[in-house]
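Engineer: Before anything else, here's the structure in question.
The values are calculated or read from the model by the stated rules, or taken from the named source; none is laboratory data. If you're wondering where the values come from, they're calculated on a predicted model, not measured in any experiment. For neighbour counting, all protein chains shown are included, and Cβ atoms are generated from backbone atoms with ideal geometry for every residue, glycine included.
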Amino acid sequence: MSQSNFSALSHQAQGSSQRSAGAGIGGLLVAMFDRMADWSERRRQRLALEALPDHLLSDIGVSRADAEHEADKPFWRGGTLSGDADPIHRARHCWSGGCLCGGVRYEIDVRPEPVSFCHCGQCRRQHSHVGAYTGVPRTALRLVAEDTLAWYASSDRARRGFCARCGSGLFWDALDGGPRITVTVGSLDDPSGLHVDRHIFVDQKGGYYDIGADGVERRTSTGEVVE
Ligand SMILES: [Zn+2]
């Protein structure tokens with residue numbers, strides 16, 4: 001190998017090593033930028049958590065002291081806790097659900113409303129017993145699988161969404177085009193944290209059971225509150 005060739009190779013090697021050092025520094029900068037973006041996002045989440053009113057904090061099982069403690073952490077202290085010990089993890093609880101066979105899957109971006117028990121004859125036929133429903137804004141419900149989703153117009157004012165393969169009841173959708181859709185509580189993956197706040201259509205309940213004294217509001221099919 002001639003000197004000039006060696007020199008050329010050496011130069012090439014040096015250039016290559018400079019390029020890789022450059023990529024290394026670039027990589028470090030990108031990693032640092034990502035880390036700072038994580039910190040910044042975590043900081044944003046902490047402030048959002050701290051800004052929640054007491055009743056919403058209590059809904060997600062985070063105490064005011066937990067939220068303030070989290071917000072007081074220095075910005076670089078990222079996820080130092082894991083799972084349910086982490087208030088931000090709890091605050092970001094993802095509401096999801098689907099049918100028995102998985103042909104229909106959905107996600108909900110907001111905390112669903114309290115649960116209504118519906119005692120009407122249609123719910124009895126569809127769900128074997130009382131229908132348990134929650135409500136969400138239509139815009140907050142996202143179908144992530146709908147291959148087997150079918151609809152049945154159960155009356156001139158509503159249609160019921162169900163899985164055409166496994167039969168699970170999923171949605172009750174008023175045809176008035178309102179902003180809200182109701183979702184069966186039984187189809188939620190984890191309905192814990194929700195509570196029942198009313199019985200509806202109690203005048204149509206099956207004659208084989210008593211609702212019992214549970215202290216929860218009761219309404220008839222015309223919306224009248226009864227004892
Ligand atoms: Zn199914």
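Engineer: Hey, can you tell me all the residues within the stretch 179-189 that are closer than 16 Å to Gly97 by Cα and either away from the ligand (no atom under 16 Å from the Cβ) or crowded, with 18+ Cβ neighbours inside 10 Å (or both)?
Structural biologist: Ile181, Thr182, Val183, Thr184, Val185, Ser187, Leu188
Engineer: Moving to a separate point now. Would you confirm, using the coordinates I've provided, whether Ala145 is within 16 Å of the ligand (Cβ to nearest atom), assigned to a strand (DSSP E or B), assigned by TED's automatic domain parsing to the domain that holds Gln122 and in contact with a Lys or Arg (Cβ under 6 Å, 6 or more places away or on another chain)?
Structural biologist: yes
Engineer: Looking only at the stretch 140-147, decide whether some residue is touching a Gly at 6+ places or on another chain (Cβ under 8 Å), in contact (Cβ under 8 Å) with a residue 60 or more places away in the chain and not acidic (Asp, Glu).
Structural biologist: Checking the stretch 140-147: not a single residue is touching a Gly at 6+ places or on another chain (Cβ under 8 Å), in contact (Cβ under 8 Å) with a residue 60 or more places away in the chain and not acidic (Asp, Glu).
Engineer: Another question, if that's okay. Among the residues of the stretch 72-86, are any at pLDDT 85 or above and of a type outside the set (A, V, I, L, M, F, W, C)?
Structural biologist: no
Engineer: All but one of (1) in a strand (DSSP E or B); (2) more than 16 Å from the ligand (Cβ to nearest atom) hold for Gly215; which doesn't?
Structural biologist: (1)
Engineer: All but one of (1) assigned to a loop (DSSP other than H, G, I, E, B); (2) within 16 Å of the chain's Cα centre (by Cα); (3) of a type outside the set (Ser, Thr, Tyr) hold for Ile181, so report the exception by its number.
Structural biologist: It fails just one condition, (1).
Engineer: Restricting the stretch 148-178 to residues that are touching a Lys or Arg at 6+ places or on another chain (Cβ under 6 Å) and touching a residue at least 40 places away in the same chain (Cβ under 8 Å), which is farthest from the ligand (Cβ to nearest atom)?
Structural biologist: Trp172
Engineer: Would you be able to tell me the number of residues in the stretch 197-227 that are of a type in the set (Ser, Thr, Tyr) and at positive phi?
Structural biologist: Within the stretch 197-227, residues that are of a type in the set (Ser, Thr, Tyr) and at positive phi number 0.
Engineer: Taking the stretch 104-114 as the search range and keeping residues that are crowded, with 18+ Cβ neighbours inside 10 Å and in contact (Cβ under 8 Å) with a residue 60 or more places away in the chain, which one is nearest to the ligand (Cβ to nearest atom)?
Structural biologist: Here is the first cut: in the stretch 104-114, the residues crowded, with 18+ Cβ neighbours inside 10 Å are 104-106, 108, 112.
Of the ones still in play, those that are also in contact (Cβ under 8 Å) with a residue 60 or more places away in the chain are 104, 106, 108, 112.
Details: Val104: 6, Tyr106: 12, Ile108: 18, Pro112: 20 Å.
Per the criteria, the residue is Val104.
Engineer: Yes or no: Ser192 in contact with a Leu (Cβ under 6 Å, 6 or more places away or on another chain) and either farther than 17 Å from Gly121 by Cα or of a type in the set (D, E, K, R) (or both)?
Structural biologist: When the stated conditions are applied, Ser192 does not pass them.
Engineer: Another question about this same structure. Please find, among Val136, Val130, Val202, the residue that is more than 16 Å from the ligand (Cβ to nearest atom), within 16 Å of Pro112 (Cβ to Cβ) and of a type outside the set (Asp, Glu). It would help to see each step written out before you state the result.
Structural biologist: Values: Val130 fails: within 16 Å of Pro112 (Cβ to Cβ); Val202 fails: within 16 Å of Pro112 (Cβ to Cβ).
The unique qualifying residue is Val136.
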